[in-house]
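The block underneath contains the structure these notes are about, expressed in structure tokens.
What follows is calculated from the coordinates using simple rules that are stated; it is not laboratory data. Predicted model only: the values in this text are computed from it and were never measured. Cβ coordinates were reconstructed from backbone atoms using ideal geometry, including for glycine residues, and neighbour counts include every protein chain displayed.
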Amino acid sequence: MLINQENQNVDIVFLNNFNEIEDIILNINFSKCLVVVDSNVYNFYKNLKFNFTYDQIIIESCEQNKSIEKYLEIIQFMIEKEYDRSSLIIGIGGGVIGDLIGFVASTYKRGIKFINIPTTLLAMVDSSIGGKTAVNFNYYKNQIGTFYQPDKILIYTQFLNSLSYSEIVSGFGEIIKYGYTLDKEILKILDKNKFDIKSIIMNESLIYELIKRSIICKKSIVEIDVNEKGQREVLNFGHTLGHAFESYYKYKYPHGINVLFGMIIELYISKMVFNFNQENIERLFAFLNYANIKFPNDYDEEQIIKIIMNDKKVKYGKIRTTLLKDLGVYENGVEIDKDIILKALKMI
């Protein structure tokens, strides 16, 4: 599958076995190679080795490591090892690894080759697609970053076996986002399978279909708006409030679960602004119940608002977000005031 971009086509390759990764890498010309791998993946796959010369850095995949400090550590390592502009960096891990290593690749020597190998469900369906890179700053999400496309994205679904239950639920948060905004068939598939996450993740053909549908959704948007000038804002549905929860709770919950929380609040706002159907809000609550995820109730509403005001989507001091009129019918860039957010937060 190709993502067609103005200056570069990004190849998304679904793999049948791990050895295909090495075959693909060896077809790329590079002077030196650095592999940065999530510690959880490394520990789960003890045979995670390639038969060519490369350096390796193992990083715990937590939001605290998606930082300027970790970025500078990697840059320092590459300088000491004399990496040049023909070098290749490979990220093997979830969204934290992909965002961090993408940022390294985009800035080292003004840009080097980059292969993204997502190992979490969320990274496969969302964060690896579209070229966003970033690090966090002082618990504020994605404050420093670039748009930079990987040369290839390699998807090997067997990596999902290494995930905890909460990480699987996190991935479904982004899949459900696509169901509400761009592909109603996703919700029908989940309804048909009674939101049974454990059985869905074990069904190879079913999880492949959900991953592929999600990628097609994101591909359809980023191909027309790679740098988030307008249409791409729909991909942030649930993220304005979701990022606020993420920062407020200092990454206590995985990203996709915060997005689920954010979607619920933004659906209540959609109900107030556009009379969005209550039944489809209850549908999302039902998923949280099936997944045994409890919506937090110990937050300070005013502090949530303060965090939102530092969101990168705020323009000229106005809070802007995507709201839904119906399933698959949305409006980007809706300006909402603090009072309506506070009202939605209190409704929960």
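With 10 Å bins beginning at zero, the pair-distance distribution over Cα atoms of the chain amounts to 5, 26, 35, 24, 8, 1 %. Pairing the Cα long axis of helix 204-222 with the longest principal axis of the chain, what angle in degrees results, from 0 to 90 and rounded to the nearest 10? Tilt relative to the chain: about 80 degrees.
Hydrodynamic radius of region 183-228 by the Kirkwood approach over all distinct alpha-carbon pairs: 11.6 Å. Other residues whose C-beta falls under 13 angstrom from the C-beta of Glu279 contribute a net charge of -1, scoring Lys and Arg +1 and Asp and Glu -1. Ranking Phe285, Thr322, Asn310 by Cα position along the charge dipole of region 247-344, where only Lys, Arg, Asp and Glu carry charges on their C-beta atoms, puts Asn310 farthest toward the positive end. Excluding Thr157 itself, what net charge comes from residues whose Cβ is under 13 Å from its Cβ, given Lys and Arg +1 and Asp and Glu -1? Neighbourhood net charge equals -2.
Comparing Cα centroids, region 23-47 and region 186-209 end up 30 angstrom apart.
Calculated mean residue ellipticity at 222 nm for the chain: -13500 deg cm²/dmol, from DSSP H runs with n ≥ 4 weighted as -39500 (n - 2.57), summed, divided by the residue count and rounded to 500. When restricted to Cα atoms, region 17-118 yields an Rg and a Dmax of 12.8, 35 Å, respectively. Estimated from the Cβ-Cβ distance and a Förster radius of 35 angstrom, the FRET efficiency linking Val329 and Phe137 is about 0.50. Gaussian network model of the chain, Cα springs within a sub-10 Å range: biggest mean-square fluctuation belongs to which of Asn258, Asn297, Asn161? In this elastic network of the chain, the residue with the biggest mean-square fluctuation among Asn258, Asn297, Asn161 is Asn297.
Relative contact order for the chain: 14 percent, from Cα pairs under 8 Å spaced at least 6 residues apart, divided by residue count.
Would you mind counting up the charge near Ser39? Only other residues with Cβ under 15 Å from its Cβ, with Lys and Arg at +1 and Asp and Glu at -1. Local charge sum for Ser39: -2. Result for the chain in a Gaussian network model with C-alpha springs under 10 Å: among Val273, Val226, Val169, the largest mean-square fluctuation is at Val273. Shape descriptor for region 103-228: Rg over Rh equals 0.99 (Cα atoms; Rh from the Kirkwood inverse mean 1/r). If you look at the Cα atoms of region 163-243, you get an Rg and a Dmax of 13.3, 39 Å. Pair-distance distribution P(r) for region 68-174, from all Cα-Cα distances in 10 Å bins starting at 0: 15, 45, 31, 7, 0 percent. For a Förster distance of 45 Å, can you work out the FRET efficiency between the beta-carbons of Tyr208 and Lys318, rounded to the nearest 0.05? That gives a FRET efficiency of 0.65. Taking only the Cα atoms of region 79-124, the radius of gyration and Dmax are 11.1, 34 Å.
Taking the Cα centre of the chain as reference, the dipole from Cβ charges on Lys and Arg (+1) and Asp and Glu (-1) amounts to some 280 debye.
Residue pairs exceeding 18 angstrom between C-alpha atoms, taken from Lys113/Lys212; Lys294/Lys343; Lys229/Lys315; Lys212/Lys252; Lys32/Lys132; Lys152/Lys229: Lys113/Lys212; Lys294/Lys343; Lys212/Lys252; Lys32/Lys132; Lys152/Lys229. Against the longest alpha carbon principal axis of the chain, how many degrees, from 0 to 90 and to the nearest 10, is the axis of helix 255-274 turned? That helix lies at roughly 30 degrees to the long axis.
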